[in-house]
Amino acid sequence: MKDNYYFDNAATTWPKPETVYQFMDSFFRSHGVNPGRSGHTLAVEAEQMIVETRRLLAQFFNHQGDPSRVVFTQNATDSLNMALQGLLREGDHVITTQLEHNAVLRTCSHLQRDRGLSVTLVAPNDTGCISCESLEAAIKKNTRAIVINHASNVTGAVQDIEAIAALAKAHQLIFIVDSAQTAGVLPVDMSCGIDVLTFTGHKGLFGPMGIGGMVVGESVELMPTRFGGTGVDSASVYQPDEYPHRLESGTVSIPGIAGLNAAQKWIAGLSPADDHWTACKNAVNTIHAAEMRHSERIWQHLQGKAGVTLLGSLADGPHVATLSFTVAGMPAQQLAEMMDADYHICVRAGLHCAPQAHKAYDTDTGGGAVRLSPGYFTEPEDVDHLLTAVDELCT
Ligand SMILES: Cc1ncc(COP(=O)(O)O)c(C=O)c1O
């Protein structure tokens with residue numbers, strides 16, 4: 001048995017590509033200085049790496065506007081907080097869904113309770129999808145925005161963001177997409193009509209924890225919700241208007257951005273092409289196909305097992321590799337603990353910070369479900385071991 005069989009890539013991808021560890025270490029040693037502040041050569045070179053990473057990410061998400069609108073944050077939660085709080089005002093109505101992560105749900109609940117906004121949570125249909133009809137039915141006179149995840153971190157179901165973008169545009173609504181579960185796993189194309197795209201660095205983008213960001217489209221202006229030093233226009237008493245300084249206060253994470261930089265180049269290197277968007281689009285399709293080969297084996301195996309209930313079905317439509325299941329008579333947490341202790345298998349049990357998604361599948365009261373998320377570095381033998389463990393534990 002190996003030390004670990006890692007099936008928790010929806011929480012964070014692990015391991016990272018070797019070049020990510022190497023470049024984080026080497027760049028932090030050689031250029032671990034404060035970028036964008038001092039004018040010395042090291043600081044300028046550190047800033048150049050940051051500018052390059054913004055440009056790579058702009059192309060990665062096919063953002064055709066100014067790369068300065070790629071703003072670094074701590075993670076997707078930070079980005080979603082900044083986007084929702086920076087765009088929405090008292091009296092606004094926002095539409096979101098039952099499939100969201102607490103990064104959206106709790107932010108919306110606080111805006112509702114503390115800032116006089118109203119929120120509608122749209123339920124998924126029988127196939128785990130958020131239909132355009134149900135979103136459209138929720139639109140009111142004061143609706144300002146739709147915020148939705150591209151893929152659920154519980155069921156893996158992928159939403160049709162192109163169709164939802166068209167709906168948002170037809171009703172002049174701001175469209176915010178949470179790509180935490182898809183960036184690096186499926187192509188995410190800003191140009192389909194996304195106004196604000198939030199991402200986290202440590203999942204499919206293969207960066208470290210503590211770095212994330214968002215791409216703010218030219219169609220919206222996001223008001224800053226935090227203020228401070230930017231290294232530019234220091235005499236002004238107010239935050240500068242221009243991006244990224246408008247939204248980036250304080251010292252950014254050089255190791256985090258260096259990790260993302262190396263990861264972008266690693267992803268592009270899987271499928272070299274003349275431009276970064278094309279290379280990465282092909283590479284993430286390769287990553288998705290590799291992950292789905294593992295996931296499909298797991299779905300098929302679990303589907304036929306007595307006492308096992310899967311949340312959704314692969315036949316319902318496009319999915320990422322993440323899937324969740326329950327076993328009759330065995331609390332999810334207990335199963336996860338046995339998988340860890342007896343088989344060295346890392347999974348996540350519970351509500352996965354998405355309580356409403358579990359409510360939609362009636363798994364909110366019984367301790368949630370066990371989530372399995374194979375990744376690009378999963379080996380077929382890891383899946384063999386997982387399936388054996390499930391068979392032995394769930395007889
Ligand atoms: C769909 C979704 N949105 C947002 C987040 C929050 O990401 P982070 O913890 O990196 O802020 C997660 C994390 O699991 C997620 O799955």
Checklist entry - Along the range 128-135, what does the Karplus equation 6.51 cos²θ - 1.76 cosθ + 1.60 (θ = phi - 60°) give for ³J(HN,Hα), rounded to whole Hz, x for Gly and Pro? => result x, 9, 9, 7, 5, 4, 5, 5
Checklist entry - Taking the Cβ of CYS346 as the center, what net charge do the other residues with Cβ under 12 Å away carry, scoring Lys and Arg +1 and Asp and Glu -1? => result -2
Checklist outcome for this item: Restricted to the chain, the DSSP antiparallel beta bridge percent, nearest 5, is 50
Checklist entry - Long-range amide H contacts for TYR5: which residues qualify at under 5 Å (H placed 1.01 Å from N, peptide plane, sequence gap of 5 or more or a different chain)? => result ILE345, CYS346
Next on the checklist: Given R₀ = 30 Å, what would the calculated FRET efficiency be for GLU162 paired with GLN300, taking r from the Cβ atoms and rounding to 0.05?
Outcome noted: 0.55
Item to check | Local net charge near MET223, Cβ-Cβ under 15 Å (Lys/Arg +1, Asp/Glu -1) | outcome: -1
Next on the checklist: If you average the C-alpha positions of the range 356-395 and of the range 200-267 separately, how far apart do those two centres end up, in angstrom?
Outcome noted: 35
Checklist entry - Packing-wise, with mean Cβ within 10 Å as the measure, how do 278-290, 140-152 rank, highest first? => result 140-152, 278-290
Item to check | Positive dipole terminus of the chain, leading residue within THR322, HIS150, LEU105 (C-beta point charges) | outcome: LEU105
Checklist entry - With the chain treated as a Gaussian network of Cα nodes joined by springs under 10 Å, which of ALA170, ALA138, ALA262 yields the largest mean-square fluctuation? => result ALA170
Checklist outcome for this item: In order over the range 5-16: 3J(HN,Hα) from phi, Karplus 6.51/-1.76/1.60, θ = phi - 60°, whole Hz, x for each Gly or Pro, gives 10, 8, 10, 10, 5, 6, 7, 6, 6, 7, x, 9
Checklist entry - Okay, helix-only estimate at 222 nm for the chain: each DSSP H run of n ≥ 4 adds -39500 (n - 2.57), divide by all residues, round to 500 deg cm²/dmol; what do you get? => result -12500 deg cm²/dmol
Checklist entry - Quick one: if the Förster radius is 30 Å, what FRET efficiency do THR19 and ARG55 give, using the C-beta to C-beta distance and rounding to 0.05? => result 0.95
Checklist entry - How much net charge surrounds ALA321 when only other residues with a Cβ under 13 Å from its Cβ are counted (Lys, Arg +1; Asp, Glu -1)? => result 0
Item to check | Of LEU247, VAL220, ALA262, farthest towards positive along the dipole that unit charges on Lys, Arg, Asp, Glu beta carbons give the range 220-269 | outcome: ALA262
Item to check | Selected from GLY304, GLY32, GLY212 as most flexible by GNM, with the chain as the system and alpha-carbon contacts under 10 Å | outcome: GLY304
Next on the checklist: Using a Förster radius of 45 Å, what is the FRET efficiency between GLN333 and ALA235 based on their Cβ-Cβ separation? Nearest 0.05, please.
Outcome noted: 0.20
Checklist entry - Nearest 10 degrees, 0 to 90: what angle lies between the long axis of helix 102-115 and the longest principal axis of the chain (Cα atoms)? => result 60
Item to check | Cα long-axis angle, helix 76-87 against the chain (0 to 90 degrees, to the nearest 10) | outcome: 50
Checklist outcome for this item: Note to self: C-alpha centroids of the range 1-49 and the range 59-118 sit apart, in Å, by 26
Checklist outcome for this item: One computes Rg over Rh for the range 18-269 from alpha-carbon atoms, with the Kirkwood Rh, and obtains 0.98
Next on the checklist: Under 10 Å, Cα contacts only: if you run a Gaussian network model on the chain, which one of ASP114, ASP384, ASP274 comes out with the highest mean-square fluctuation?
Outcome noted: ASP274
Item to check | Convex hull volume per residue in cubic angstrom - Cα atoms of the range 249-395 | outcome: 166
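Values in this text are rule-based calculations from the coordinates and carry no lab data. The model shown is predicted, which means the values in this text are computed figures rather than measured ones. We place every Cβ from the backbone using ideal geometry, glycine too, and count neighbours over all the protein chains shown.
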